[in-house]
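Only one structure is covered here, and it is reproduced in the block below.
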Amino acid sequence: MNHKNLAPVSAFTAVLALLTITNAAHGAVSRFSLAGHIPPAVADSDIVGQVPSSSPVNLALTLPLRNQTALRDLIQRLHNPADPLYGKYLTPAQFASRFSPTPEEYQSAIGFARANGFTVTQQHANRLLLEVSAPAASAETAFGVQLRRYHQANGRVFFAPDREPSLPIDMKGVISNVVGLENSVVWKAHSSIVTPATIAANPNQTGSGPGGGMTPTDIRAAYGLTNVTQTGAGQTLGLFELDGYTPSDITAYEQKYSLPAVPLQNVFVNGATGPTGSASGQGEVTLDIELQIALAPGADKIVIYQAPNSSAGILACYSKIATDNIAKSISTSWGTPEGNVPYNVLDSENAIFQQMAAQGQSIFAASGDAGAYDDGSSLSVDDPSSQPYVTGVGGTSLATNGAGGAWKSEKPWANKTDKSISPLGSGGGGGVSTYWSMPSYQTGVAATATLTDPTMRTVPDVALAADTSTGYSIYFKKGWYIYGGTSCAAPLWAAFTALVNQQRAAVGLGTLGFANPALYSIGKDSRYASDFHDTATGTNLYYPAIAGYDAASGWGSFIGANLLADLAPANSTTPPAPPAGPASLQAVPGDSQVSLTWAPVSGATSYTVYRKTAAANDTLAPVGSGVTATAFGNTGLVNDTTYYYQVTAMTAAGETAPSAVVSAVPTAAPASTTLTPIADSYVTSLAANTVIHGAETQITVKRDSSSTSTYRRTAYLKFDLTGVTGPITSAKLALTLNSNGTAGKAPLNVYGISDTTWTESSLTWNGALAAGGLTSADLSTGTLAATTQVTSTPGVYTWDLTSYLADKAGQIVTLQVADPGTDGVYFCFNSKEAATGKPALTLTVAPPTTPTTPTNPTTPQSATLNTMPVADSYVTSLAANTVIHGAETQITVKRDSTATSTYRRTAYLKFDLTSVTRPITSAKLALTLNSNGTAGKAPLNVYGISDTTWTESSLTWNGALAAGGLTSADLSTGTLAATTQVTSTPGVYTWDLTSYLADKAGQIVTLQVADPGTDGVYFCFNSKEAATGQPMLTVQY
């Protein structure tokens, strides 16, 4: 081997790091990298070349789900018979509005693709997937990789990227995975065939069909369905396939067994066109169709979805099944070892399977035919059967009371002598996932005797006959064969579920949906013995079968009539009606936005906001879902357009009726402009009092207690406001502090100076004195305009000059920056000659006004701002005092009685209130406590901190001390704003910050959350990086 190039991946989320990539196309561009895109096969392969630059590459760009915690909670509730939401599944449109990326995010991904030379080949209604195509060279440039060709030891050649792909920073949170940059993974059919010659020499004894294969009647007899009258009437089944079939084979099967001709519908995805020429692939599709017909001959139709055998193809196929939402019971008999699949593919599959679960679709996946050794050599499981929102179907060896007789016995399928599947033999796939944690429905199921891991997902969930020696009679290519494998078990479970759904419809229930919650509920109680054949002896080549659940065959096979009756109970109850909708809905317009507020609904868990743009003949579409506050900001609107809104609440009894309709017309905000100085410089005292500094890249400020021992410095900036034509309503001076100064802090004043005749090429200390800008004591003679506390931490510092510059439109102005104290700190700011971070004066000018008649001239119109922090993080003490936590999904707080034995933690949040234009009348901070902390309770304080220059990428415990946020005893030096008692119960906790923030309109503020006591409780709140429950500051003004 001449190359081993695997970057280890420690997490299965996509975004890992920020980086800067420089190349001919991008220049210096801030980018972020994605993880999980280098396939494991690279580690054991040799590089044999490069993918030709003109070779087409078909990709699937995947976008992340929104509100993932809420989605997982909803799926549990939809499948809990005791919950009022039970069976009230979402439509694809409802799912997209609540959990898919926004239309704007999807359009952003489309724009990125087209800008980088990709052709958009297919858009998906769920907005989770975007199919694109481009030459390899374009893909390499777009994602900062090289596509190399690799040679595996087994002789197979594949391509893969040489590094993890990266994207421009503006795609962070928009594109989560790039699927199709490699083709190392091949999905295979989990079926085994017995040829006619072998059948003739050694006929099976289980079935009554040709060669002893099981017929539809035999399957019903063996699994307790003989007297069941359901046929799947009214149901649509679905099949995931990677090959095609010959319709005449299906017709011959139906005619042989006197079955009705079930309509078949082909849906080709991602460029698939039908049979590929592979006998094994076409045989798989054929047996899947015939076995679904065997148990559900009355089905309305079977939809066969076919895609190419590629990572992008399989995602496109699953996405199409989900977005169509036609088939409510689906099976897939194609899989591959979980460990061979790049993480980006596993995560992308999972998002789609969650959509299926939320929509009430059941999907059953064959667990593989290599027993406990899915990869042929080590303990491993199969994807997608190991996915937590998929029902994995294992295999058994079945014995009946004679050919075509009733069930006699069953054990896990395992045949060590059969080397046709793998060197270790054949058997029902089962074992422990190395990627997926144990889902909640499996809690308490794994026993020590099963040799499984109680923290990880175990498969299979259920089983059915799969041994070729007890196989199924299948008509294929004009002949009768016996097929075995878990590929036979999966479509039979899907067909059985069609019978269940027929009966559920008859008793007024929704579809079964994701089957595992119901199956595990039965498995854990007294119904198990009558509903399942428990396989309690044998192994699947490694994992032992025991009483109850095990990794050899899951819960076992179904006893049809009994399990059907328990999955479709006739004694269902009607959930209570939901309460009335939200009252007092108000809409306040702004610039390209509308702020909504409403009265809370008792028992509401969240709210959904609907919008339309016509009073009539238009449909209200959801624009916000999972809203936990009683306020919502609708942004990105078109000014001077009327928008109409309604709000509903989600309660335990379902979604309420909508509120009354309100409308608002957003209008443009005052015009804003940013100016750089036309001149800037600084002056120095003593022997340097005639030195000219106008050409330097920085301007400096310093003043200490001695005017004779060190150079004092004062800075000057000249701005041209002659192009400003209206009254100035806001003026902010921003100076960027560099790292050339000395440690310390001081309040720096900005003064207005009347002299505007000075130039960069002439200004000196003596000249400043002559111009009247300084007294003999080196103090300013100008008009004080603003003061800001400046520390030695580099960053942007701002001064609010609105009051001073309000009447200066059309003029040239001089501003002087000086230290009025004697602290001796040396401050160095970038000048206009610097490459970056130049001084900037941002002005907002009031637009022309026309007389209007207010609806209530005595009451000013109020507005509400709901804003997440622009930055949040926390700091830790002791050995972690230099650790940066800004990218984490939680912020933490802790303080105990010993400062030397445990890490103390304090949280920081920065909010931008510059858009708030009036005094603040109400301010509430809401933090969502998650379950990662420890038990206990404590009063947590929120303090106001003057330092707003810190960033998520730099804040540490030491930095917090330097910024004045903490004392050496780990107590806050800020202004106490509010206190709230917090317990260890997860949920939303609020602090009323009205008094502290009342005069902070138009500012950026830092809030510190700290424990003033020594109780030692560890509190963990969701940060702005969390998927849901981010910090929220609600401000009314």
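The values are calculated or read from the model by the stated rules, or taken from the named source; none is laboratory data. These numbers come from a predicted model, not from an experiment. Every residue, glycine among them, receives a Cβ derived from its backbone with ideal geometry; neighbour counts consider all protein chains shown.
Listed by position, the strands (runs of 3 or more DSSP E) enclosed by region 604-674 that each have at least 1 residues that are within 29 Å of the chain's Cα centre (by Cα) are 606-612, 621-627, 631-634, 643-651.
Being touching a residue at least 24 places away in the same chain (Cβ under 8 Å) and basic (Lys, Arg) is a property that holds for Arg148. Just so you know, in region 575-594 the residues that are among the aliphatic types (A, V, I, L, M) and modelled with pLDDT under 85 include one that is surrounded by the most Cβ atoms within 10 Å (Cβ to Cβ), and it is Ala580. State whether the residues of region 334-346 include one that is buried (at least 24 other Cβ atoms within 10 Å of the Cβ) and assigned to a strand (DSSP E or B). Within region 334-346 (the criterion being buried (at least 24 other Cβ atoms within 10 Å of the Cβ) and assigned to a strand (DSSP E or B)), the answer is yes, since at least one residue qualifies.
Thr917: in contact with a helix residue (DSSP H, G or I) (Cβ under 8 Å, 6 or more places away or on another chain) and in a loop (DSSP other than H, G, I, E, B), yes or no? No, not satisfied.
Residue-by-condition table, conditions (1) under 32 Å from the mean Cα position of the chain (by Cα); (2) at pLDDT below 95:
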{"position": "Tyr481", "(1), (2)": "no, yes"}
{"position": "Ala489", "(1), (2)": "no, no"}
{"position": "Leu492", "(1), (2)": "no, no"}
{"position": "Gln502", "(1), (2)": "no, no"}
{"position": "Val507", "(1), (2)": "no, yes"}
{"position": "Gly510", "(1), (2)": "yes, yes"}
{"position": "Ala515", "(1), (2)": "yes, no"}
{"position": "Asp525", "(1), (2)": "no, yes"}
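Take Asp999 and decide whether it is among the acidic types (Asp, Glu) and surrounded by fewer than 18 Cβ atoms within 10 Å (Cβ to Cβ). Answer is yes for this residue. Screening Thr597 against (1) among the hydroxyl-bearing types (Ser, Thr, Tyr); (2) within 30 Å of Leu512 (Cβ to Cβ); (3) at pLDDT 90 or above leaves a single unmet condition, (2). In region 123-155, the residue that is farthest from Pro40 (Cα to Cα) out of those that are in contact with a helix residue (DSSP H, G or I) (Cβ under 9 Å, 6 or more places away or on another chain) and of a type in the set (Val, Ile, Thr) is Val132.
So for region 840-860 (the condition being at pLDDT below 85 and closer than 30 Å to Pro986 by Cβ), does at least one residue qualify? The answer is no, given that none of the residues of region 840-860 is at pLDDT below 85 and closer than 30 Å to Pro986 by Cβ.
When the residues of region 405-464 are filtered to those that are crowded, with 19+ Cβ neighbours inside 10 Å and basic (Lys, Arg), which remaining residue is farthest from Thr217 (Cα to Cα)? The extreme case among them is Arg457.
Please go through region 239-268 and give me each residue that is outside any helix (DSSP H, G or I) and either outside the structural domain of Ile326 (by TED's automatic domain parsing) or in contact (Cβ under 8 Å) with a residue 60 or more places away in the chain (or both), ordered by number. Before you say what the answer is, go through the steps one by one.
Of the residues in region 239-268, the ones outside any helix (DSSP H, G or I) are 239-246, 257-268.
Leu239, Phe240, Glu241, Leu242, Asp243, Gly244, Thr246, listed by residue number.
Might you check whether a residue that is more than 19 Å from Thr605 (Cβ to Cβ), assigned to a helix (DSSP H, G or I) and modelled with pLDDT of 90 or more occurs anywhere in region 75-92? Yes, because at least one residue in region 75-92 is more than 19 Å from Thr605 (Cβ to Cβ), assigned to a helix (DSSP H, G or I) and modelled with pLDDT of 90 or more.
Just to check your reading of the model, which residue among Thr217, Thr198 is surrounded by fewer than 22 Cβ atoms within 10 Å (Cβ to Cβ), at pLDDT 95 or above and in a helix (DSSP H, G or I)?
Numbers: Thr198 fails: at pLDDT 95 or above.
Answer to the selection: Thr217.
Annotation: of all residues in region 654-668 being buried (at least 16 other Cβ atoms within 10 Å of the Cβ) and in contact with a strand residue (DSSP E or B) (Cβ under 8 Å, 6 or more places away or on another chain), the one that is nearest to Thr725 (Cα to Cα) is Pro666.
Restricting Ser100, Ser54 to those that are surrounded by fewer than 17 Cβ atoms within 10 Å (Cβ to Cβ), among the hydroxyl-bearing types (Ser, Thr, Tyr) and touching a residue at least 12 places away in the same chain (Cβ under 8 Å) reduces the list to Ser54. The combined condition, being aliphatic (A, V, I, L, M), buried (at least 23 other Cβ atoms within 10 Å of the Cβ) and closer than 30 Å to Ala125 by Cα, is fulfilled by Ala365. Being at pLDDT below 90, in a strand (DSSP E or B) and not assigned by TED's automatic domain parsing to the domain that holds Asp999 is a condition met by no residue of region 801-811.
Mind listing whichever residues of region 332-362 are among the small types (Gly, Ala, Ser) and in contact with a Ser or Thr (Cβ under 9 Å, 6 or more places away or on another chain)?
If we filter region 332-362 for residues that are among the small types (Gly, Ala, Ser), which is where we start, we get 333, 335, 339, 348, 351, 357-358, 360, 362.
Hits for region 332-362 are Ser333, Gly335, Gly339, Ser348, Ala351, Gly360, Ser362.
Only one of the numbered conditions (1) crowded, with 24+ Cβ neighbours inside 10 Å; (2) under 27 Å from the mean Cα position of the chain (by Cα); (3) within 21 Å of Val42 (Cα to Cα) is violated by Asp374, and that is (2).
Within region 242-259, identify whether any single residue is of a type in the set (S, T, N, Q) and buried (at least 24 other Cβ atoms within 10 Å of the Cβ), and answer yes or no. No, region 242-259 contains no residue that is of a type in the set (S, T, N, Q) and buried (at least 24 other Cβ atoms within 10 Å of the Cβ).
Go through the residues of region 221-228 one by one and say whether even a single one is closer than 30 Å to Gly405 by Cβ, among the small types (Gly, Ala, Ser) and in a helix (DSSP H, G or I). Yes.
Applying the criterion of being at pLDDT below 85 and within 30 Å of the chain's Cα centre (by Cα) to the residues of region 446-467, the residue that is nearest to Trp493 (Cα to Cα) is Ala446.
Leu717 - would you say it is more than 41 Å from the chain's Cα centre (by Cα), closer than 17 Å to Ser681 by Cβ, part of a strand (DSSP E or B) and not small (Gly, Ala, Ser)?
Values: more than 41 Å from the chain's Cα centre (by Cα): yes; closer than 17 Å to Ser681 by Cβ: yes; part of a strand (DSSP E or B): yes; not small (Gly, Ala, Ser): yes.
Against the criterion (more than 41 Å from the chain's Cα centre (by Cα), closer than 17 Å to Ser681 by Cβ, part of a strand (DSSP E or B) and not small (Gly, Ala, Ser)), Leu717 qualifies.
Pairs meeting the criteria (first residue in region 874-895 and free of Cβ contacts under 8 Å to residues at least 40 places away in the same chain, second residue crowded, with 16+ Cβ neighbours inside 10 Å and part of a loop (DSSP other than H, G, I, E, B), beta carbons under 6 Å, at least 6 apart or on different chains) are Tyr874/His885; Leu878/Tyr903. Taking the residues in region 1010-1037 that are in a strand (DSSP E or B), at pLDDT 85 or above and within 28 Å of Ala604 (Cα to Cα) as candidates, determine which candidate is nearest to the chain's Cα centre (by Cα). Among residues in region 1010-1037 that are in a strand (DSSP E or B), at pLDDT 85 or above and within 28 Å of Ala604 (Cα to Cα), the one nearest to the chain's Cα centre (by Cα) is Asn1022.
Table: residues versus (1) in contact with a Leu (Cβ under 9 Å, 6 or more places away or on another chain); (2) in contact (Cβ under 8 Å) with a residue 40 or more places away in the chain; (3) not assigned by TED's automatic domain parsing to the domain that holds Asn639.
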site	(1), (2), (3)
Ser681	yes, yes, yes
Ile692	yes, yes, yes
Thr700	no, yes, yes
Ser705	no, yes, yes
Tyr711	yes, no, yes
Leu717	yes, yes, yes
Val724	yes, yes, yes
Thr729	yes, yes, yes
Tyr751	yes, yes, yes
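When region 940-971 is filtered for residues that are modelled with pLDDT under 85, more than 18 Å from Thr793 (Cβ to Cβ) and crowded, with 17+ Cβ neighbours inside 10 Å, only Asp970 remains.
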